[in-house]
Amino acid sequence: MRRKLSTITQMVKNDAQPTEGEREVWNQVNSVLQDSESILTGLQAYKGAGQEIRDAIQNPNDFMLQERAWNSVCPLVIKLKKFYSFSLRLEEALQCLLECLTCPPLTPTQHLEREQALAKQFAEILHFTLRFDELKMRIPAVQNDFSYYRRTISRNRINNMNLDIENEVNNEMANRMSLFYAEATPMLKTLSNATTNFVTENKTLPLENTTDCLSTMASVCKVMLETPEYSSRFSSDDTLLFCMRVMVGVIILYDHVHPNGAFNKSSKIDMKGCIKVLKDQPADNVEGLLNALKFTTKHLNDESTPKNIRTMLQ
């Protein structure tokens, strides 16, 4: 476990440097991760067009108010398309890392120990994903704005209006975006699907290679969070949150790809211990993470999930 802990320590720090063998994949993934902060900043600054939309709905015959609402919503839809497009790049990056961290002949633990820079990137993707979804959950305007856009564009299409924005967001793109934003945690859902597809498409790769990689990361994060010897080294609350988000992220991915899920007694993840670690933190820091476990996992409500686990998450 100590060797595994050194791996996660590298993941938590910023100094895990890629080896020559890792560099090509690391560069590919890094080009995606470099844009992650600007995506979060964009979402954080998202104000929505709530007032303009309300005015337009309440005054259906006032052309100026209709136009004002439409002109307010269109740039927001372009921004939402940017977020959605980033999720596709993130999906590709995650599958790329999974391929590297699970391929034979090395075991998942050996991969995590030897390819620490890639393991760090895997953790950074999960960290970003949980942050994005926590923000999105607090901004109902995202879905409201997009719903208004869909309704209005359908009505205008019936009226044969020329819609320049359809060059940017055509009907097919709007359908895909609509499904994405309908999810409570859209980025997590994207990564869960990506991990499931990775397992499905790599039939010759033993499932354990993927689930062991995920459960190892979850277990080590839990130990670091619950052991004062390690948690006292965290330089800030941000580092603590980083570790918690990575732990929750890998639990959710594990729950989606393992036939019995993460909550089953046979699971290689100590779910009771992981939930306790979260509940020992200030409520404001973990509300979004506990909600992610409640609403984004696949097997929580299975009959095989112990009642005490379900109770802990109520």
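Here Asp237 passes the criteria (1) within 18 Å of the chain's Cα centre (by Cα); (2) open to solvent by 30 Å² or more (accessible area, probe 1.4 Å) except the one numbered (1). Determine whether the range 221-241 contains at least one residue that is assigned to a helix (DSSP H, G or I), within 19 Å of Thr296 (Cα to Cα) and not small (Gly, Ala, Ser). Looking through the range 221-241, at least one residue is assigned to a helix (DSSP H, G or I), within 19 Å of Thr296 (Cα to Cα) and not small (Gly, Ala, Ser).
Residue under question is His299, and the condition is that it be in a helix (DSSP H, G or I) and either at pLDDT below 95 or open to solvent by 10 Å² or more (accessible area, probe 1.4 Å) (or both); does it hold? First the steps, then the outcome.
Working: in a helix (DSSP H, G or I): no; either at pLDDT below 95 or open to solvent by 10 Å² or more (accessible area, probe 1.4 Å) (or both): yes.
So His299 fails the test.
Criterion applied to Glu20, Glu37, Glu67 was being surrounded by fewer than 17 Cβ atoms within 10 Å (Cβ to Cβ), without any contact (Cβ under 8 Å) to a residue 12 or more places away in the chain and not in a helix (DSSP H, G or I), and the one residue passing it is Glu20.
Of the residues in the range 217-231, none is under 19 Å from the mean Cα position of the chain (by Cα), within 30 Å of Arg155 (Cβ to Cβ) and of a type in the set (Gly, Ala, Ser).
The rows are residues; the columns are (1) at pLDDT below 95; (2) touching a helix residue (DSSP H, G or I) at 6+ places or on another chain (Cβ under 7 Å); (3) within 28 Å of Asn202 (Cα to Cα); (4) of a type in the set (Asp, Glu).
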| site | (1), (2), (3), (4) |
| --- | --- |
| Tyr46 | no, yes, no, no |
| Glu67 | yes, no, no, yes |
| Leu76 | no, yes, no, no |
| Leu94 | no, yes, yes, no |
| Leu97 | no, yes, yes, no |
| Pro105 | yes, no, yes, no |
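Filtered by the rule that a residue be under 12 Å from Lys81 (Cβ atoms) and more than 14 Å from the chain's Cα centre (by Cα), the range 173-194 gives Met173, Ala174, Arg176, Met177, Ser178.
Within the range 48-63, if we keep just the residues that are assigned to a helix (DSSP H, G or I) and among the charged types (D, E, K, R), the residue that is least open to solvent (accessible area, probe 1.4 Å) turns out to be Asp55.
Selection of helices (runs of 4 or more DSSP H) fully inside the range 114-189 by the criterion of at least 3 residues being among the basic types (Lys, Arg) and open to solvent by less than 30 Å² (accessible area, probe 1.4 Å) returns nothing. Kindly evaluate His299 against the criterion of being in contact with an Asp or Glu (Cβ under 8 Å, 6 or more places away or on another chain) and of a type outside the set (Phe, Trp, Tyr). Yes; evaluated as a whole, the condition is true for this residue. Residues that are surrounded by 12 or more Cβ atoms within 10 Å (Cβ to Cβ) and either out of contact with any Asp or Glu (no Cβ under 8 Å at 6 or more places or on another chain) or not small (Gly, Ala, Ser) (or both) within the range 193-205 comprise Asn193, Thr195, Thr196, Asn197, Phe198, Val199, Asn202, Leu205, listed in sequence order.
Report whether or not Glu99 is surrounded by fewer than 18 Cβ atoms within 10 Å (Cβ to Cβ), acidic (Asp, Glu), under 21 Å from Ala16 (Cβ atoms) and touching a residue at least 24 places away in the same chain (Cβ under 8 Å).
Numbers: surrounded by fewer than 18 Cβ atoms within 10 Å (Cβ to Cβ): yes; acidic (Asp, Glu): yes; under 21 Å from Ala16 (Cβ atoms): yes; touching a residue at least 24 places away in the same chain (Cβ under 8 Å): yes.
Yes; evaluated as a whole, the condition is true for this residue.
For the structure I just gave you, tell me whether Lys79 is touching a Leu at 6+ places or on another chain (Cβ under 9 Å), open to solvent by 10 Å² or more (accessible area, probe 1.4 Å) and not hydroxyl-bearing (Ser, Thr, Tyr). Lay out the reasoning, then the answer.
Numbers: touching a Leu at 6+ places or on another chain (Cβ under 9 Å): yes; open to solvent by 10 Å² or more (accessible area, probe 1.4 Å): yes; not hydroxyl-bearing (Ser, Thr, Tyr): yes.
The answer is yes for Lys79.
Out of curiosity, is Ser219 over 22 Å from Ser87 (Cβ atoms), without any contact (Cβ under 8 Å) to a residue 24 or more places away in the chain and either open to solvent by 10 Å² or more (accessible area, probe 1.4 Å) or small (Gly, Ala, Ser) (or both)?
Numbers: over 22 Å from Ser87 (Cβ atoms): yes; without any contact (Cβ under 8 Å) to a residue 24 or more places away in the chain: no; either open to solvent by 10 Å² or more (accessible area, probe 1.4 Å) or small (Gly, Ala, Ser) (or both): yes.
The answer is no for Ser219.
The values are calculated or read from the model by the stated rules, or taken from the named source; none is laboratory data. Note that the structure is a prediction, hence the values are computed from the model and not measured. All Cβ positions, glycine included, derive from the backbone under ideal geometry; neighbour counts span all protein chains shown. SASA here: full protein model, heavy atoms, side chains in, ligands and nucleic acids out. Shrake-Rupley method; radii C 1.70, N 1.55, O 1.52, S 1.80 Å.
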